[in-house]
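Enquirer: Below you will find the structure I want to go over with you.
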Amino acid sequence: MSKLTPQSKDFSKWYNEVVLMADLADYSDVKGCMIIKPYGYALWENIQKALDEKIKQLGVENVYLPLFIPESYFKKEAEHIEGFAPEVAWVTHAGGKKLEERLAIRPTSETIMYHTFAKWISSYRDLPLKVNQWANVVRWEMRTRLFLRTTEFLWQEGHTLHTTKAEADQMVLDALMMYKDFINDYLAIQVLAGQKSAAEKFAGALYTTGVEAIMKDGKALQMGTSHSLGQAFAKTFDVKFLDQDGKEQTPWPTSWGVSTRMIGGLIMAHGDDRGLILPPKIAPIQIVIIPIWKDMAEKSKIEKYINQITKQLTDVEFKIDWDDTKSPGWKFYQWEMKGVPLRVEVGPKDEKEKQVIIVRRDNGEKEKVQFNRIKDKIAKTLDDIQASLLKINSEFLENNTKNYNNYDKYKKDINEKNFFALVHWCGDPKCEIKIKNDTKATIRVDSSKKKKGKCIICGQEANTMVYLAKAY
Ligand SMILES: [Zn+2]
């Protein structure tokens, strides 16, 4: 079997290999598209399940709109089409004929959503309107990476409309905090949540907020975004409502989304030189049981014993690896690669002494557990792993975020190593472009730390602090 490239040698190579070797996904013959394999899809389903619940708690209902968007809708919002045009795939022929109007394969659904909302909304009583769509979208990317940037990807897109700007602003924040909580609680990843600069905002939005995480190579990954769309989309698509005084008003929309990209984040935030490390709350298999036997007599005893053990495992996802063509050592290697949080080894001695050996994937700790303590011990260890992964990632973010006020020093350091920097920025796009050109790092999000200072680039008064990092 081939060996995984160490992270320290080539992080990017490690990433590509681990995706394939852990059996999450594979390349497709259509450039930039991805085949998500059962293990990778089970991971996505767990993400979906947990997040869908949180989305519904915000009073949002699921809908489904068509994959195809007529060109005439798409062209209506000028800034939006300008931002997305280079990435849009068009259907020009169907049913053996040239179409009268080209159809865009959705890169995002604002235009078709707003066209539809115009028919759904007439009164303030129809607001707030809150819907979410789980779907695939297509953006024709030039440089692709499995999960991180693929031409077709899976996501959810929430779309809401409100009577006031204040209510829409609150929704943008609620969605962002929902993502932060989900990413903390389930993916065990810490994030910086804040507003994006004008240059990094969603095409057509008033402003964009996002959550950014640190990967093990010190680079940033945008894990999700939440946008206030202002009133431009609603006006363009003629979405109007009559307020309580019978006066015609334009609603305030928001949109927000996360995608299969999060799986890329999960891999790079926790994985190590042995492969994936999955947080128990999101792992498709939480425990793998490895029976160890020499002959059939031993096997049958162990089988009986494992039956008694699994009766205790009522609320965990487990798998017993009975494959008799592979050695225990090979199985250890394989399940470590797939990031299963906990391994339970059961051999003849364990059967005799009514115990098992449990081994943690995150830190390799090995422990003997008596039969009557298995259920409690496993539940507690899974909780410990979940908490420990978040703690380690949070500390990594903290230890790799540095304050800078000298631009030359920053330039020198960021060229040598990847990390996050917290700096003052005057808000001028020219300073932002200079940072990007000089260092390849970009402004990820602003910080709530609003103390006054001098812009790290131009030295002008600045009352915003922003996080800089090189990003995926
Ligand atoms: Zn400046």
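Throughout, read-outs are computed from the coordinates displayed, never taken from laboratory work. None of these values were measured; they are calculated from a predicted model. FYI the Cβ positions are ideal-geometry reconstructions off the backbone, even for glycines, and counts take in every protein chain you see.
Enquirer: Of Lys219/Lys331; Lys31/Lys409; Lys13/Lys391, which ones are farther than 30 Å apart at the Cα?
Expert: Flagged as over cut-off: Lys219/Lys331; Lys31/Lys409.
Enquirer: Rounded to the nearest 10 degrees, what's the angle between the helix 296-312 long axis and the longest principal axis of the chain, both from Cα atoms, 0 to 90?
Expert: 50
Enquirer: May I ask you to evaluate 6.51 cos²θ - 1.76 cosθ + 1.60, the Karplus curve with θ = phi - 60°, for each residue of the range 199-216 and list the ³J(HN,Hα) values in order in whole Hz, giving x for glycine and proline?
Expert: Running phi through 6.51 cos²θ - 1.76 cosθ + 1.60 with θ = phi - 60° gives 5, 9, 6, 5, 4, x, 7, 6, 8, 10, 10, x, 10, 10, 10, 9, 8, 5 Hz.
Enquirer: At a threshold of 8 angstrom on Cα-Cα distance, excluding pairs fewer than six apart, so keeping six or more, what relative contact order does the chain reach in percent?
Expert: Relative contact order for the chain comes out at 14 percent.
Enquirer: As a quick test, which of the pairs Lys430/Lys470; Lys3/Lys440; Lys3/Lys338; Lys216/Lys412; Lys3/Lys326; Lys180/Lys216 have an alpha carbon distance above 24 angstrom in this structure?
Expert: Listed pairs above 24 Å: Lys3/Lys440.
Enquirer: With point charges of +1 on the Cβ of Lys and Arg and -1 on the Cβ of Asp and Glu, referenced to the Cα centre of the range 202-281, which listed residue (Ser259, Phe241, Pro280) lies farthest in the positive direction of the dipole?
Expert: Result: Pro280, furthest along the dipole toward the positive end.
Enquirer: Return one number: the angle in degrees, 0 to 90 and rounded to the nearest 10, between the long axis of the Cα atoms of helix 328-337 and the longest principal axis of the Cα atoms of the chain.
Expert: Roughly 10 degrees between the two axes.
Enquirer: Here is a follow-up. Filter the cross-link list Lys54/Lys450; Lys130/Lys165; Lys130/Lys247 down to pairs whose alpha-carbon distance in this structure exceeds 26 Å.
Expert: Cα-Cα > 26 Å for Lys54/Lys450; rest within.
Enquirer: A further question follows. What's the longest piece of the chain with no exposed GluC sites (Glu not before Pro), counting a site as exposed if DSSP puts it in a loop and it has at most 13 other beta carbons within 10 Å?
Expert: 1-352
Enquirer: I would also like to ask the following. Would you calculate, for the chain, the mean residue ellipticity at 222 nm contributed by helices, counting each DSSP H stretch of 4 or more residues as -39,500 (n - 2.57) and dividing by all residues, to the nearest 500?
Expert: Result for the chain, helices only: -11000 deg cm²/dmol.
Enquirer: Please label the shape of the range 430-472 as rounded, prolate or oblate, based on the square roots a ≥ b ≥ c of the eigenvalues of the alpha-carbon gyration tensor (a/c under 1.5 means rounded; beyond that, a/b larger than b/c means prolate, else oblate).
Expert: Since a/c reaches 1.5 but b/c is at least a/b, the shape of the range 430-472 is classed as oblate.
Enquirer: What relative contact order, as a whole-number percentage, does the range 401-469 give when Cα pairs under 8 Å and 6 or more residues apart are counted?
Expert: 39
Enquirer: Using 0.36 nm per residue, how much length does the chain from Asn62 to Asp245 gain when fully extended, once their Cα-Cα distance is taken away?
Expert: Extra length available between Asn62 and Asp245 comes to 62.8 nm.
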